[in-house]
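*Asks:* Below: one structure in structure tokens.
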Amino acid sequence: MKIYHNPYFTLYNEDNKLLIEVHKPGYNLKNFNQIIVDMPVIKVTNFISLKNALANAANMKIHIGYIKPKFEVIISSDELEAKIKLNISEAEYERDKAFITSQIIPELIKNGVKEGFLYETISSNIPVQKEIVVAKGQLPVDGRDAQIRYYNIEEKKPVVRNDGSVNYYELNLIDNVKAGDWLGEKILPTEGIPGRTVTGKIIPPKRGRDMQ
């Protein structure tokens with residue numbers, strides 16, 4: 001498929017490969033940078049082949065790079081984030097913003113993103129040619145450790161009489177309780193709350209530690 005043409009050469013996209021067919025010599029290689037700026041989907045990986053093709057004008061297709069997707073989806077290795085990179089020009093984004101915005105979530109889904117979409121980010125102005133986080137997973141919440149609580153035995157202190165003297169004999173060394181009174185308890189550990197990746201995988205939490 002032809003994607004660019006000028007009097008000197010034609011650029012083609014064939015199976016996402018970038019090919020150039022040069023018709024006549026004389027094109028300044030430095031000017032090719034402006035084409036790259038205007039067409040962010042093209043990625044030149046073999047500048048030597050490009051230079052030779054422009055010099056020789058052999059009227060044959062030469063492989064010089066590849067075609068990037070307009071919507072480039074990048075999922076982090078832990079699958080907790082998904083980014084999108086719009087390989088388009090600023091002018092194209094401004095011209096077709098509503099349509100481009102409407103295509104972001106379908107592109108994410110097509111690349112395996114199922115949840116965690118940041119709708120506010122997606123619907124706002126997204127800078128082109130930059131990786132922007134558009135979906136986030138949920139980290140698991142680890143379970144709480146077991147808790148053991150005991151009856152609080154009060155510290156024994158001598159009684160100070162009104163005259164300032166101290167009674168060391170009536171220390172009330174025993175805390176009296178009745179049958180059925182609360183003496184302590186154990187709160188069992190919790191399982192925690194699972195997390196989820198942007199691709200829908202469950203992230204198991206760590207169960208809280210038990211205590212004797």
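Rule-based calculations on the coordinates, nothing more; no lab input. Please read all numbers here as calculations on a predicted model, not as lab measurements. With ideal geometry, Cβ positions are generated from the backbone for all residues, glycine too; neighbour counts draw on all protein chains shown.
*Asks:* Of Ile74, Ile42, Ile174, which has the largest mean-square fluctuation in a 10 Å C-alpha GNM of the chain?
*Replies:* In this elastic network of the chain, the residue with the biggest mean-square fluctuation among Ile74, Ile42, Ile174 is Ile174.
*Asks:* Compute the relative contact order of the chain as a whole-number percentage, counting only Cα pairs closer than 8 Å that sit 6 or more residues apart in sequence. Don't skip to the answer; put the middle values down first.
*Replies:* Details: 395 pairs, mean separation 36.0, N = 212.
Result for the chain is 17 percent.
*Asks:* Now for a different question. Expressed in nm to one decimal, what extension gain is obtained for the pair Met211 and Tyr151 from 0.36 nm per residue of sequence separation less their Cα-Cα distance?
*Replies:* Net length gain for the segment: 19.9 nm.
*Asks:* Expressed as a whole percent, how much of the Cα-Cα distance distribution for the stretch 59-149 exceeds 20 Å?
*Replies:* 47 percent
*Asks:* Same structure again: What whole number of Å gives the distance from the Cα centroid of the stretch 115-150 to the Cα centroid of the stretch 27-47?
*Replies:* 37 Å
*Asks:* What net charge is computed for the residues neighbouring Ile104, neighbours being all others with C-beta under 13 Å from the C-beta of Ile104, Lys and Arg scored +1, Asp and Glu -1?
*Replies:* +1
*Asks:* So, counting K/R as plus one and D/E as minus one, what does the shell of residues with Cβ under 11 Å around Pro189 add up to?
*Replies:* So the environment of Pro189 carries a net charge of +1.
*Asks:* Note down the magnitude of the dipole of the chain about its Cα centre, charges +1 on Lys and Arg C-beta and -1 on Asp and Glu C-beta and zero elsewhere, to the nearest 20 debye.
*Replies:* 940 debye
*Asks:* What do the square roots of 5 times the Cα gyration tensor eigenvalues come to for the stretch 2-67, in whole Å, largest first, as semi-axes of the equivalent ellipsoid?
*Replies:* The answer is 16, 13, 11 Å, longest axis first.
*Asks:* Same structure, new question: Lys17's amide H: which non-local residues (gap 5+, or another chain) put their own amide H closer than 5 Å, with H modeled 1.01 Å from N in plane and none for Pro or chain starts?
*Replies:* It is Ile67, by chain and number.
*Asks:* Given only helices, namely DSSP H runs of n ≥ 4 each adding -39500 (n - 2.57), what is the per-residue ellipticity at 222 nm of the chain, to the nearest 500 deg cm²/dmol?
*Replies:* -5500 deg cm²/dmol
*Asks:* Under 17 Å between alpha carbons, and skipping anything fewer than 8 positions from Lys70 in its own chain: which aspartates and glutamates qualify?
*Replies:* Output for Lys70: Glu14, Asp15, Asp38, Glu90, Glu92, Glu94, Asp96, Glu107, Glu131.
*Asks:* Along the charge dipole of the chain, pointing to its positive end and built from +1/-1 on Cβ of Lys, Arg, Asp and Glu, which listed residue (Ile126, Pro204, Val141) has its Cα farthest out?
*Replies:* Going by the Cα projections, it comes out as Ile126.
*Asks:* What percent does the relative contact order of the stretch 2-67 come to when contacts are Cα pairs within less than 8 Å and at least six residues apart?
*Replies:* Computed over the stretch 2-67, the figure is 39 percent.
*Asks:* Another question, then. Against the longest principal axis of the chain, how steep is helix 97-110, in degrees 0 to 90 to the nearest 10, with axes from Cα atoms?
*Replies:* 70 degrees
*Asks:* I've got another one for you. Measure of size requested: the Rg and Dmax of the chain, with Cα atoms as the atom set and Å as the unit; please supply both.
*Replies:* My reading of the Cα-based Rg and Dmax gives 35.1, 117 Å.
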